[in-house]
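Just so you know, all these numbers are worked out from the coordinates, no wet-lab data involved. The shown structure was predicted, so the numbers you read here are calculated from the model rather than taken from an experiment. With ideal geometry, Cβ positions are generated from the backbone for all residues, glycine too; neighbour counts draw on all protein chains shown.
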Amino acid sequence: MAWLGRSANGPPIFDPAMCEELQPEILLGAYASGIFPMADDSGEIMWFCPDPRAIIPLDGLYISKNLRRRCDSDRFTVTVDQSFEEVMHCCADREDGTWISPEIIEAYTRLHEMGFAHSVETRREGKLAGGLYGVSLGGVFCGESMFHTETDASKVALVHLVRRMNERGFKLLDTQFSTPHLVRLGAVEISRSQYLRRLKLASRLDCTFAD
């Protein structure tokens, strides 16, 4: 690996010359160390290990009465790993710009093909209406991004994700950074050191996200 150390408050110090491409072993090693990539506006890959770190406790997801009714209705059909690359493209299609570059999409699609990256999709009348994707390692799911084209479609995907994680013995849902939207859904911040301790324990578990 090409990790040279950590800065005090920012991303880890990384030697890009050692890893010109986002190879699967680089990505998996990074996630196991609490580190993840994002692309800047020029497409350059930057590496992050935030302090504090945002997570959603698996017993702390806030589901409003309206969202619960939406989940229990037949408005949306939920699928898993049926449209991974399409979900990534939809997450990247933002008017305000995106950190999901073509290189990121290609790299995570390879992880998906290897069984380490997964998507949850919500559909209405067969058409993709929302979804999310992330990386799973043992009992950890690192959420990367989500999108919706219909109200509550991404929230329904998140509810399904948390239910699936609980059913399959997962212990840690990493959302990386905190946002007002995630806080309303139950996200909390913990220190980097606390996150890394939880990551180490949860990643040792033998959990399967998709059959």
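Some observations on this one:
- The lysine pair tally for the range 53-202, using Cα distances under 27 Å and a gap of 8 or more places or different chains, is 6.
- Sparsely packed chymotrypsin sites (Phe, Trp or Tyr not before Pro) within the range 56-154, loop by DSSP, other Cβ within 10 Å at most 15: Tyr62
- Seen against the Cα atoms of the chain and their longest principal axis, helix 192-202 is set at about 70 degrees.
- Shown in residue order for the range 50-56 are the 3J(HN,Hα) couplings computed by the Karplus curve 6.51 cos²θ - 1.76 cosθ + 1.60 at θ = phi - 60°: x, 9, x, 10, 9, 9, 10 Hz (x for Gly and Pro).
- An oblate overall shape is assigned to the range 150-211, the ratio a/c of its alpha-carbon gyration tensor axes (a ≥ b ≥ c) being 1.5 or greater and a/b not exceeding b/c.
- Seen from every direction in turn and averaged, the convex hull around the alpha carbons of the range 62-121 projects onto 5.6 nm².
- Applying both filters, DSSP loop and at most 16 other Cβ atoms within 10 Å, to the GluC sites (Glu not before Pro) of the range 134-211 gives Glu150.
- Over all directions, the projected convex hull of the C-alpha atoms in the chain averages 11.5 nm² in area.
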